[in-house]
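First comes the structure, then the notes that go with it.
The values are calculated or read from the model by the stated rules, or taken from the named source; none is laboratory data. The shown structure was predicted, so the numbers you read here are calculated from the model rather than taken from an experiment. In this analysis, Cβ positions are derived from the backbone assuming ideal geometry, glycine residues included, and neighbour counts consider all displayed protein chains. Heavy atoms of the whole protein, side chains included, go into the accessibility calculation; ligands, DNA and RNA do not. Shrake-Rupley method; radii C 1.70, N 1.55, O 1.52, S 1.80 Å.
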Amino acid sequence: IDNPEFQRMLKAQALVIIQSAKNLAPKDSGDLAASIGFITGKDKDNKTKVLIGLRKEYQNNYLGPMFEFGVPTNRIQSSTGRDTGILEPRPFMRPALDQNAGKVTDGIINGVDKILAKLAKKNNLIYK
């Protein structure tokens, strides 16, 4: 939906998930947590889409899936031939979503309700 007010409301609700994911992310250097944010792009129909994830501009964003899902033993790097070892899963994105899903859903419902009420009033329509 290309309504700026609607987009602002969705982003405001999503910030809860982003903050939670940053708090749960492994903190070896802090780069991983810093890379979590909004990713904006266009879909196949040239419509704007906004996702929550690891942004490309951060050097170590590739580490996110490795921490989230783990790395099995005997994974050999193709470029160096060395064994990367085992990394047990340390999920942070999925728990952030799971912990905040209800709160975010309620916030979106309330936000949409306010936007609809405002539009109805503006157009002299009865809402609720």
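What are the residues in segment 40-66 that are within 16 Å of Leu97 (Cα to Cα) and not small (Gly, Ala, Ser), if any? Within segment 40-66, Val50, Leu51, Ile52, Leu54, Pro65 qualify.
Okay, residues lined up against (1) open to solvent by less than 30 Å² (accessible area, probe 1.4 Å); (2) modelled with pLDDT of 90 or more:
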position: Gln7; (1), (2): no, no
position: Ala12; (1), (2): no, yes
position: Ile17; (1), (2): yes, yes
position: Ala25; (1), (2): yes, yes
position: Leu32; (1), (2): yes, no
position: Asp43; (1), (2): no, no
position: Val50; (1), (2): no, no
position: Gly64; (1), (2): yes, no
position: Ser78; (1), (2): no, no
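Kindly indicate whether any position in segment 110-126 is among the acidic types (Asp, Glu) and at pLDDT 90 or above. Yes, that holds for at least one residue. The conditions of being more than 20 Å from Val104 (Cα to Cα) and hydroxyl-bearing (Ser, Thr, Tyr) are not met by Ser20.
Can you find even one residue in segment 89-107 that is within 21 Å of Asp2 (Cβ to Cβ), surrounded by 11 or more Cβ atoms within 10 Å (Cβ to Cβ) and in contact with a Gly (Cβ under 8 Å, 6 or more places away or on another chain)? Scanning segment 89-107 turns up no residue that is within 21 Å of Asp2 (Cβ to Cβ), surrounded by 11 or more Cβ atoms within 10 Å (Cβ to Cβ) and in contact with a Gly (Cβ under 8 Å, 6 or more places away or on another chain).
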